[in-house]
Amino acid sequence: MATQSIPRRLPVIMAFFCLSLYSFAESKPNPKKVTCTDGDCQDIHFQVKFTLPFKWKVEMQRRWKDAGEEATTLTLQDPGALSPVGLYYRLLTNTADEDIRIEVGKKLEQRIRQGLPNYRLPENNCQERVVGGHQALSCMAAFGGGAEVMLEYFTWIRSKQCLAQFWVQSRPETMGSRQKRLEDVIQSLQIP
């Protein structure tokens with residue numbers, strides 16, 4: 001008799017079990033994902049936090065290995081612009097202090113490999129700064145030519161445990177407003 005009642009109860013038990021798992025999964029944020037509530041975004045796994053302006057959103061998230069280190073690339077959509085903003089960050093396994101300016105050279109090489117025409121960084125187009133108490137560097141590069149000149153604004157932020165980079169591409173006439181809107185996001189960044 002007891003063995004006959006188990007099969008009848010099995011669907012109820014399984015439903016309860018699945019509901020419990022669903023509730024548990026919903027109660028804890030996915031540690032492999034960026035979550036945002038009212039513009040306050042966080043990545044629990046990387047211990048990264050930032051705030052997005054009203055109506056901005058995270059459109060794409062990608063986890064990957066960059067030079068053997070865990071990395072994340074996010075696409076942030078600014079509703080007042082056609083092109084998105086990028087945010088990249090990675091946890092550093094080698095915590096030796098490196099000059100953040102090394103990242104400028106790496107980015108120049110990457111953009112040239114990607115085939116951006118006439119990609120260049122004019123001399124003295126970088127400014128050292130501090131973001132969230134960490135070493136930072138902002139630069140403005142240009143590419144294209146003639147009537148098709150485009151600008152790319154970068155900010156790198158480095159702590160002993162994390163390297164982050166924001167970037168945005170825009171036409172020269174709209175870069176000032178894009179840069180200004182992005183600056184609030186940059187200033188809100190918290191990295192470990």
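Miscellaneous remarks
- Residue in the stretch 91-103 that is at pLDDT 95 or above, under 30 Å from HIS45 (Cα atoms) and either assigned to a strand (DSSP E or B) or in contact with a Pro (Cβ under 6 Å, 6 or more places away or on another chain) (or both) present: no
- Odd one out for MET150 among (1) over 28 Å from GLU70 (Cα atoms); (2) among the hydrophobic types (A, V, I, L, M, F, W, C); (3) out of contact with any Pro (no Cβ under 9 Å at 6 or more places or on another chain): (3)
- Matching residues, the stretch 88-107, being of a type outside the set (D, E, K, R) and surrounded by fewer than 16 Cβ atoms within 10 Å (Cβ to Cβ): THR93, ASN94, THR95, ALA96, ILE102, GLY105
- Residues being of a type in the set (A, V, I, L, M) and in a strand (DSSP E or B) - total across the stretch 48-90: 8
- Which numbered condition GLY68 misses (of (1) modelled with pLDDT under 90; (2) closer than 22 Å to ARG181 by Cα): (2)
- Considered as a group, the residues in the stretch 71-87 that are at pLDDT 95 or above and among the polar types (S, T, N, Q) include one that is farthest from CYS162 (Cα to Cα), and that residue is GLN77.
- Residues that are touching a residue at least 60 places away in the same chain (Cβ under 8 Å) and of a type in the set (A, V, I, L, M, F, W, C) are absent from the stretch 116-135.
Residues checked against (1) within 17 Å of THR35 (Cβ to Cβ); (2) touching a Lys or Arg at 6+ places or on another chain (Cβ under 7 Å); (3) touching a residue at least 60 places away in the same chain (Cβ under 8 Å):
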position	(1), (2), (3)
GLN61	yes, yes, no
TRP64	no, no, no
ALA67	no, no, no
GLU70	no, yes, no
LEU76	yes, no, yes
SER83	no, no, yes
LEU87	yes, no, yes
ASN94	no, no, no
ILE102	no, no, no
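- Residue count for the stretch 79-109, restricted to those that are among the charged types (D, E, K, R) and touching a Phe, Trp or Tyr at 6+ places or on another chain (Cβ under 6 Å): 1
- Residue within the stretch 121-141 that is touching a Lys or Arg at 6+ places or on another chain (Cβ under 6 Å) and farther than 29 Å from LYS49 by Cβ present: no
- Among the residues here, VAL149 qualifies as modelled with pLDDT under 95 and in contact with a strand residue (DSSP E or B) (Cβ under 7 Å, 6 or more places away or on another chain).
- Number of positions in the stretch 42-69 that are within 13 Å of ALA164 (Cβ to Cβ) and crowded, with 16+ Cβ neighbours inside 10 Å: 5
- The stretch 127-182, subset among the aliphatic types (A, V, I, L, M) and not in a strand (DSSP E or B), residue surrounded by the fewest Cβ atoms within 10 Å (Cβ to Cβ): ALA147
The values are calculated or read from the model by the stated rules, or taken from the named source; none is laboratory data. This one's a predicted model, so the numbers in the text were calculated from it and none came from an experiment. Cβ sites come from the backbone with ideal geometry, for glycine too, and all protein chains shown count toward neighbours.
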